[in-house]
Amino acid sequence: MNRGQQETSLLSPQDIAQAAQILRTGGLLAIPTETVYGLGADGLNPSAVARIFTAKGRPQDNPLILHIPTADWLTRYCVAIPQTAYQLAKIFWPGPLTLILRRNALVPDVVTAGLDTVGMRCPDHPVTRSIIRAAGVPVAAPSANTSGRPSPTTAAHVLEDLGGRIEGIVDGGPCTVGVESTILDLTAAPPRLLRPGGVTLEALQAVLGEVAVDPAVLRQMEAGERPRAPGMKYRHYAPRAPVTVVQAPPADAARYIQNHLEEGDGVLCFAEFIGLFQGCPAVSLGPASDPAEQARRIFDTLRTFDHQPVSRIWAMCPAADGLGLAVSNRLNKAAGFHILTLEGET
Ligand code: TXA
Ligand code: MG
């Protein structure tokens, strides 16, 4: 059977048994999570996992996260689990935190891209946890977008990228967090933030004290440099038109964009400033003071520019603290770290 030619079925949250069956038989199933939709497969089945890479066009050296329904599954797939893992799981799971831990031999190489560590996450979506429990296997799942595109936060986004290449999509409505999980490497000392996400750095520091921040979070990796999360080196989240991030207090950034806007440009701005950009394609990222709303909207807004012809995109960006660190990281990556930092004159 050529699965690639099949139609993708849209499943309702009630279709848990059918969804679990797709996973158990080696199929690809898009699942809702609180962060973004995941493209799931049986994480213990190497050929099912290999199909994820093909469907997404994902580089083979980029490892996948295993999704589990409860923290007590950690011992099934991980060894040398530090006490801090359970401490963090108790506070943040189910929720948008992925823990990098040493793996055992049950985890196939194709999941970890050959690394001796594995990312473990317990998603805060009851339907998805029920599906994983019913399937009885950990679910390997990257974000359910074509590699390089903005991550999907609705079933429609998944269909747009992967329709016809996967067996099913469980439609759980729009994602409530909107940016991917925070990735924390617990095999490093001190623990190291590899990707900012739905759990803030400040919240982790409150529990752990010192947390190192991987350089790939804040800047472009240079040739020859290897980030600890292989995925952080790739161009990512990018709409088709090039993005320029303007980093400055919101009113200054808005004025700068207004002064430099050319015919055909699009603007991604805070809600307060949308009136300044009437007559050109402008999309609101949400209020300047509400990074949670910005996180929910960021990927959908980046995708809207692929549906209207723009030659360049100017983007306003929140300060890099709290949830703003994750939002600014995604915007900076969408821009390929093409960032204008304004000081003084605009
Ligand atoms: O919120 C999320 O984490 C979503 C949902 C679906 O759960 N998943 C997600 O997966 O964002 P993905 O594959 O798009 O991003 C996973 C990131 C990649 O940058 C990858 O390189 C990194 O995690 N990663 C996975 N396993 C790792 C490991 N053992 N060591 C270091 N980084 C790892
Ligand atoms: Mg991804």
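A few points about this structure:
- Single residue of the stretch 95-113 satisfying the filter (assigned to a loop (DSSP other than H, G, I, E, B) and either among the polar types (S, T, N, Q) or in contact (Cβ under 8 Å) with a residue 40 or more places away in the chain (or both)) that is most open to solvent (accessible area, probe 1.4 Å): Leu106
- Yes/no for Leu186 being over 19 Å from Leu325 (Cβ atoms) and in contact with a Pro (Cβ under 8 Å, 6 or more places away or on another chain): yes
- Restricting attention to the stretch 181-240, the residues that are within 11 Å of ligand 1 (Cβ to nearest atom), among the acidic types (Asp, Glu) and closer than 23 Å to Pro291 by Cβ total 1.
- Selection count, the stretch 196-227, where residues are within 20 Å of Arg121 (Cα to Cα), touching a residue at least 60 places away in the same chain (Cβ under 8 Å) and part of a loop (DSSP other than H, G, I, E, B): 5
- Residue satisfying condition, being among the small types (Gly, Ala, Ser), over 21 Å from Leu159 (Cβ atoms) and touching a Ser or Thr at 6+ places or on another chain (Cβ under 7 Å), within set Gly26, Gly43, Gly95, Gly38: Gly26
- Boolean, Gly136 is open to solvent by 10 Å² or more (accessible area, probe 1.4 Å), modelled with pLDDT of 95 or more, closer than 21 Å to Pro94 by Cα and away from ligand 2 (no atom under 12 Å from the Cβ): yes
Yes/no matrix, rows are residues, columns are (1) in contact with an Asp or Glu (Cβ under 7 Å, 6 or more places away or on another chain); (2) of a type in the set (Lys, Arg); (3) over 21 Å from Ala144 (Cβ atoms):
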{"site": "Cys269", "(1), (2), (3)": "no, no, yes"}
{"site": "Gln278", "(1), (2), (3)": "no, no, yes"}
{"site": "Ser289", "(1), (2), (3)": "no, no, yes"}
{"site": "Ala292", "(1), (2), (3)": "no, no, yes"}
{"site": "Arg297", "(1), (2), (3)": "no, yes, no"}
{"site": "Asp300", "(1), (2), (3)": "no, no, no"}
{"site": "Pro309", "(1), (2), (3)": "no, no, yes"}
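- Residues of the stretch 105-127 that turn out to be out of contact with any strand residue (DSSP E or B) (no Cβ under 9 Å at 6 or more places or on another chain) and within 11 Å of ligand 1 (Cβ to nearest atom), as a count: 3
A quick yes/no check of all residues on (1) outside any loop (DSSP other than H, G, I, E, B); (2) more than 11 Å from ligand 1 (Cβ to nearest atom):
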site	(1), (2)
Arg129	yes, yes
Arg133	yes, yes
Val137	no, yes
Ser151	no, no
Gly173	no, yes
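- Residue in the stretch 145-157 that is modelled with pLDDT of 95 or more, more than 16 Å from ligand 2 (Cβ to nearest atom) and under 24 Å from Pro239 (Cβ atoms) present: yes
- If you filter the stretch 268-280 down to residues that are surrounded by 16 or more Cβ atoms within 10 Å (Cβ to Cβ) and closer than 30 Å to Thr33 by Cβ, you find that the one that is farthest from the chain's Cα centre (by Cα) is Ala271.
The values are calculated or read from the model by the stated rules, or taken from the named source; none is laboratory data. Here the structure is a predicted model, which means the values were calculated and not measured. Please note: Cβ atoms are built from the backbone with ideal geometry, for glycine as well, and neighbour counts cover all protein chains shown. Accessible surface is based on the protein model in full, side chains and every heavy atom, while ligands, DNA and RNA are left aside. Shrake-Rupley method; radii C 1.70, N 1.55, O 1.52, S 1.80 Å.
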